[in-house]
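Structure record follows, encoded as structure tokens.
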Amino acid sequence: MNAPIPDGTQAVIDGVRRVHYDGYWIKVYDPPADSLTAKKQLIQALTRRLFNHVEHGINIPGKRLDDARRTYEAEQDPARKRVKGAMFAGALFNRATDIFTKLVELQELGIEIDSDNALMRECGLCLREALTLGRLVLHRSGDEGIDELWGEPFRAFSIPVEAFYESRYIKIAQALRDLDRIAAVMAGAFGSTPLFRGIEPLIADFVRLAKIKCETLRTDSEIFDVWADFVVASERLAAIAPGLSPASSAHERQLASDGMRLILQGRDLLTDITRARVTMPKSAREYIARCETFAALTQGTTYAPFTAIGERR
């Protein structure tokens, strides 16, 4: 038997430098030098990334932090308090970014900034409090929060840049694992029924390209081809029609409609995980349960094979 490959092992595979974590070989990028400037740029990028994935309306400027704190603490209605807590977290996040940006600007002017500087401590406290409130914030899909995104800027602030990059590879490997797991469930639920027979290659191609997109940074020169291929595969998966005969019953047509809706939900979930590059365990768990229910309902039902939209039978 082959010995297991230790996590962190690097190798050049097909001309690409990769690192091994949790059974996956992930594309490696050189981290920037560990400096306040590098951390500023990293935290700014992580802040933009966070607000790109979470619910609308919580990107509150840091200068409104006191207002956000006051209205959150005064709110009594639980549902409204959750939303105001999310807005408060956004303001904390932006305040930390504001502080760090100014500290780096001072450093660039030759002013030495010690690690125990009062503003450095304030920055860390803001990020820590934002991380605590991050549990109140939902993903843009509305299904769940993504705690990992709230923790990333604090880790980038508190650990060396190189160590932060290593931690991202671990998260990417976990995301790749869930992409494979969800795709396998989709292939089993829909490919095992005559209703969507032949869908497996479309799912396999989509998740293959999703995994490439997941490991590829936006700054990579290959991102243009990677993103284009990923979007096209997504469109092909969505552009299918279930196989229903003219004599299909209302129940059969309802199953076909439910199946199409589940396929699109799966496509969207895989896309969300791919773009965020972290796991979404609650969404994945609930989606897998829905697929299992659908598979059970379609056992023994006979349909014509599906066709891609625009194809002739």
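Bear in mind these aren't lab numbers, they're just calculated from the coordinates by the rules spelled out. Remember, it's a predicted structure, so these values are computed and weren't measured experimentally. Counting neighbours? That spans all protein chains shown, and the Cβs are built from the backbone with ideal geometry, glycine included.
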Open item on the list: If I stretch the segment between Asp7 and Gln254 completely, what's the gain in nm (0.36 nm per residue apart, minus their alpha carbon distance), one decimal?
Closed with: 84.2 nm
Task: Residue among Ala210, Ala289, Ala118 with the largest mean-square fluctuation in a Gaussian network model of the chain, springs linking Cα atoms under 10 Å - done: Ala118
Open item on the list: Test of the criteria: in the range 157-218, which trypsin sites (Lys or Arg not before Pro) are in a DSSP loop and have at most 11 other Cβ atoms within 10 angstrom of their Cβ?
Closed with: Arg218
Open item on the list: Between Ala241 and Asp22, what is the label-point separation in nm under the 7 Å Cα-to-beta-carbon projection?
Closed with: 4.0
Task: Loop chymotrypsin sites (Phe, Trp or Tyr not before Pro), the range 66-111, which have at most 11 other Cβ atoms in a 10 Å radius of their Cβ (DSSP) - done: none
TODO: Using DSSP to define loop residues, name the GluC sites (Glu not before Pro) in the range 104-213 whose beta-carbon has at most 10 other beta-carbon atoms within 10 Å.
DONE: Glu112
Open item on the list: Sort Val161, Val185 by Cβ crowding within 10 Å, fewest neighbours at the top.
Closed with: Val161, Val185
Task: Centre separation in Å (Cα based) which lies between the range 1-60 and the range 177-240 - done: 21
- [ ] Report which label in (1) 1.18; (2) 0.95; (3) 1.49 holds the value of Cα Rg over 2.2 N^0.38 Å derived from the coordinates of this structure.
- [x] (1)
